[in-house]
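Have a look at the structure below before the remarks.
What follows is calculated from the coordinates using simple rules that are stated; it is not laboratory data. It should be emphasised that the depicted structure is a prediction, and the values quoted were computed from it without experimental measurement. Every residue, glycine among them, receives a Cβ derived from its backbone with ideal geometry; neighbour counts consider all protein chains shown.
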Amino acid sequence: MNLKMPVGEAGGIFKRYASRLEKLGIKRFEDFLYHFPFRYENYTIISKIESVQAGELVTIQGILVEIENIYTKKWKKIQKAKVRDETGEIEIIWFNQPFILNILKKDDKVSLSGKISSYLGKLVVESPEYEVINQENAYKTIHTGRLVPIYRETYGVSSKWLRRQVYKIIQENRNDLKDYLPQKILNEHDLLDLETAIEQIHFPDSLTNAGKARERLSFDELFLLQLSVKKKKTEWKENLTSHPFLITKYKNQIEQFWSKLPFELTRAQKKAVSEIFKDLGAKNPMNRLLEGDVGSGKTVVAGIAMYLAYLNGFQSVFMIPTDILANQHFQTIDNLLSSLGVKIGFATGSKKQNIQSFDILIGTHAVLSDKINYQKLGLVVVDEQQRFGVEQRAIIRKKGKNPHFLTMTATPIPRTVALTLYGDLDLSILDEMPQGRKKIKTWLVPPEKRKNAYSWIKNQISSEKSQVFIICPFIEESESLKTVKAARKEYEFLKNEIFPDLTVELLHGKLKHGEKEKILKKFKNSKADILVSTPVVEVGIDVTGATIMVIEAAERFGLSQLHQMRGRVGRGGKQSYCLLFTESTREETLERIKVMERINFGAELAELDLKLRGPGEFYGTAQHGIPHLRIASFSDFSLIEKTKKEAENFFPQLKNYPSLLGKIESKNIKQISPD
Ligand code: ADP
Ligand code: MG
């Protein structure tokens, strides 16, 4: 099996297991080596049989003097064996693993690791890990007698099986584990060479070595990421726009735009606008990420950028992930710009207007269609970047000649992460809310107060004309039927049992488009009091009458996700509220959720997510579209700093190191950049 070979092509068990292995991220044989253990079982103590004691975790090695299947009264099978070394004999017992008799035979030399228990006054080894010692592994057992790696498993793929594959793959491919990092980097940062690191992360001689291996591989992960980002940025800078936009020439028109706004821009918005203008006036195309909490006012910033494009005689396109949001943005931009003479087109799957002649086109991925007549595309704005793939951004880019790119996100990405991962983008952060926005009062509601909470909600609806979002638990990662079913059940319950006198509606991703639109419109126009919804729908809809957000099973979400959902209320001037429910009774979980009562700023919550839940959990979720690091951590700020510096330093020499360059080019790093 060569390292680059797709697992399925190896036939036999690999072919059968290919889809299971893919769940673990293992597609090629190489990926086995990068499926790192998350802990080790410590079976390093090899004991003589006469000296073992109940409760100890030990390894014993000796000759198998007997082994048999025994049927118990309840028709269960027990496997009983006896092992002898030069100091004595001990009994072994397994439960329901009759196949062991095909592997371990009488007179075999065996190695067994497990716990010693006392059974009817006798010492026995209970359900130990086992392997036969033969000439090949006499000095190196892999399942016993050492630090034994434990892996993330999936159905039918056990740690033991993975361990065997990893071991074999390392043995057979040593030549391909030659280091791609230059020796001087290894020396300077005191790093293990690649082969040793791979071997020691899986089969460490000591925990210290496992730690060294982890250091080396974490360094790799972040260093390669930084190099690849740096490379992209450099390549991007080599592009030239067809025309830098003029700014001072259109000073008056821009003034007029500002004077028509019903509000003054925040300091953060002003800063972002000036950064964007600077980019638009340069000869390289802009590639900027605008990050800001929901409600921080990104749309108007995009609006002025598109207006500047228009003034310069260029078209803009505004790509938006969903129909509903597209409609909403269309209205906003139409309000801002039509009266200034800007012709606005609209394109979604179901509705198209002015697509042959427009200055600004607003729409979903339907804007990629060949039917649309792009004549002079100068600026691309992408909202909620995580929902658009790299390919879609590449397609839209080709509709113009190196157009400027503005990507907007409400995903609260911690600054460090943004700089590492999206270092090829320039970053503007809206870290301030428009004035007069009230802080959303947030409570974690204990289960015994649920009833009171419902009466309070009823009260708010009748006395304040409040509207309420109720977000149902998130059952699976993408919106499956299961999630929809749970939402429907909750909806029926609320409608019939709790709020029989109110208008309750249900919204989920499996509804037909027209249906969704109708329900949302109804809610937006205050014709419904309560909207029960699954978590994945429409993060950005603007319903000014909604002042109460209820989130069920809050423990299933990261803080920043909770924050994003909470951001759907509080968009009008009224005091808004967020009620969080959880069935969990774990102290840490409750503490974590309670943070929401205190902190009201997305990036800060994201930073906390990193610390509290760990990057795996936070960034693993598909919603964020942020790649999962296999071994390094976005919370390891000092390593991020170190690798960033080294990448900066080393970059000019990169071309002299073909294997490293190849590694970077082959690396499947998820990027939000447009190419
Ligand atoms: P988001 O960043 O979530 O896309 P929007 O652009 O939709 O936020 O803005 C949210 C609301 O805030 C809109 O109704 C918008 O008109 C309003 N808004 C934007 N900027 C300001 C400001 N500086 N002062 C007051 N209201 C603002
Ligand atoms: Mg928005």
How high is the relative contact order of region 158-266, in percent, counting Cα pairs under 8 Å that sit 6 or more residues apart? 15 percent
Which angle from 0 to 90°, rounded to the nearest 10, does the C-alpha axis of helix 267-280 make with the longest principal axis of the chain? 90 degrees
Sparse-neighbour loop sites [trypsin sites (Lys or Arg not before Pro); region 562-614; at most 12 other C-beta within 10 Å; DSSP]: R586
Need the full-extension length gain, Y155 to K451, defined as separation in residues times 0.36 nm minus the C-alpha distance. One decimal, nm. 102.5 nm
Given a Förster radius of 45 Å and the C-beta distance between V132 and S350 as r, what FRET efficiency does 1/(1 + (r/R0)^6) yield to the nearest 0.05? 0.10
PRE reach from K376 (point 7 Å along Cα→Cβ): which of region 298-340 fall under 13 Å by backbone N? 309-316
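Calculate, for L3 and Q331, the FRET efficiency according to 1/(1 + (r/R0)^6) with r their C-beta to C-beta distance and R0 51 Å; round to the nearest 0.05.
Details: r = 54 Å, r/R0 = 1.05.
Between L3 and Q331 the formula returns 0.45.
Whats the longest run of the chain with zero chymotrypsin sites (Phe, Trp or Tyr not before Pro) that are DSSP loop and have at most 13 other Cβ atoms within 10 Å? List each step's numbers first, then the result.
Details: sites that count: F38, W75, F99, Y139, Y155, F263.
By the stated rule (loop sites, at most 13 other Cβ atoms within 10 Å), 264-675.
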Mind checking the dipole of the chain: about its Cα centre, +1 per Lys or Arg Cβ, -1 per Asp or Glu Cβ, Debye to the nearest 20? 1940 debye
Centroid-to-centroid separation of region 320-386 and region 14-84 [C-alpha atoms, Å]: 59 Å
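List the GluC sites (Glu not before Pro) within region 51-91 that fall in a DSSP loop (any state other than H, G, I, E or B) and whose Cβ has at most 11 other Cβ atoms within 10 Å. Intermediate values should be presented prior to the final figure.
Values: sites: E56, E66, E68, E86, E89, E91; in loops: E56, E86.
The qualifying sites are E86.
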Put a dot 7 Å past each Cα toward the Cβ at L590 and Q183; how far apart are the dots in nm? 6.0 nm
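Return the loop-located trypsin sites (Lys or Arg not before Pro) in region 15-120 (DSSP other than H, G, I, E, B) with at most 16 other Cβ atoms within 10 Å of their own Cβ; answer none if there are none. Write out the running numbers ahead of the final one.
Values: sites: K15, R16, R20, K23, K27, R28, R39, K48, K73, K74, K76, K77, K80, K82, R84, K105, K106, K109, K115; in loops: K27, K48, K73, K74, K76, K105, K106.
Within region 15-120, the qualifying trypsin sites (Lys or Arg not before Pro) (loop, at most 16 other Cβ atoms within 10 Å) are K27, K48, K73, K74, K76, K105, K106.
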